1. Please list, in chain and number order, the residues 5+ apart from Ala54 or on another chain whose amide H is under 5 Å from its amide H, with Hs placed from the backbone.
2. If you take every residue apart from Val114 with its C-beta less than 15 Å away from the C-beta of Val114, what net charge results, scoring Lys and Arg +1 and Asp and Glu -1?
3. Only bridges with both residues in the chain count here: give the DSSP antiparallel percent, nearest 5.
4. Just going by the charge dipole of the stretch 19-114, with Lys and Arg at +1 and Asp and Glu at -1 on Cβ, which of Ile22, His96, Ile71 is farthest out on the positive end?
5. Which three numbers, in whole Å and largest first, are the semi-axes of the equivalent ellipsoid of the stretch 1-92 derived from its Cα gyration tensor as √(5λ)?
6. If you line up the long axis of helix 18-27 against the longest principal axis of the chain, both from Cα atoms, how many degrees apart are they, to the nearest 10?
7. List the trypsin sites (Lys or Arg not before Pro) within the stretch 1-109 that DSSP assigns to loop and that have no more than 16 neighbouring Cβ atoms inside 10 Å.
8. Long-range amide H contacts for Gly34: which residues qualify at under 5 Å (H placed 1.01 Å from N, peptide plane, sequence gap of 5 or more or a different chain)?
Amino acid sequence: MLTDVSVGAFAIVPSNDLKASIAFWERLGFTRTGGEGDYVVMTGWNCEVHVTQAGEGPWRVPEANPFGIFIRTPDVDAIAARVDDLIVRPGGILRHREWGMYEVGINGPDGLLVRIGWPSRLMKAE
C-alpha cells in the first residue's frame, strides 16, 4: 500500500493481457502497489501507472493501439538498460531529441508506446 502520496496525473492503460502487462511493468522496475481484480496500480521510479483489463473497442487490436505513456524520470539510462530488446528501432533509440528531452521509446504490451525521458538541460554532464 502506498504511504507516500503525491499530487499528479496518472495514466490508466488498458491491456488485453493483464498478467503480461504486469510482468512488463515489473521488468521496467515497477512494483504492484494496489488495485484488485482487473485494475492494478504499478509504482516505480517515483511514477505511478494504473493498468486495467481492456474491454471491447479498437484498442483490442495491438496494431491500432491509440494509447501511449510518457514517464518523466532522470533514470532514463537505467530503465533503457533493463529493456534494450524492447527499444523501438531505429527511431526510439536513447538520445537527446530536438524538443529538449533525453529519451527512449519502448514497445509496450498491446502496441503501447512507452516513452521515458528527462529534460536534456537537466542531465548530468558525462
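Values in this text are rule-based calculations from the coordinates and carry no lab data. The shown structure was predicted, so the numbers you read here are calculated from the model rather than taken from an experiment. Cβ: placed from backbone, ideal geometry, glycine included. Neighbour counts: every protein chain shown.
1. For Ala54, whose amide H was placed from the backbone, the distant partners under 5 Å are Ser15, Asn16.
2. -2
3. Working: 21 of 30 bridges.
Just about 70 percent of them are antiparallel.
4. Projecting each Cα onto the dipole axis, the largest value belongs to His96.
5. Working: eigenvalues 81, 78, 29 Å².
Output for the stretch 1-92: semi-axes of 20, 20, 12 Å.
6. Taking Cα atoms only, the helix is inclined about 20 degrees.
7. Arg97
8. Amide H neighbours of Gly34, under 5 Å, 5+ apart: Val41.
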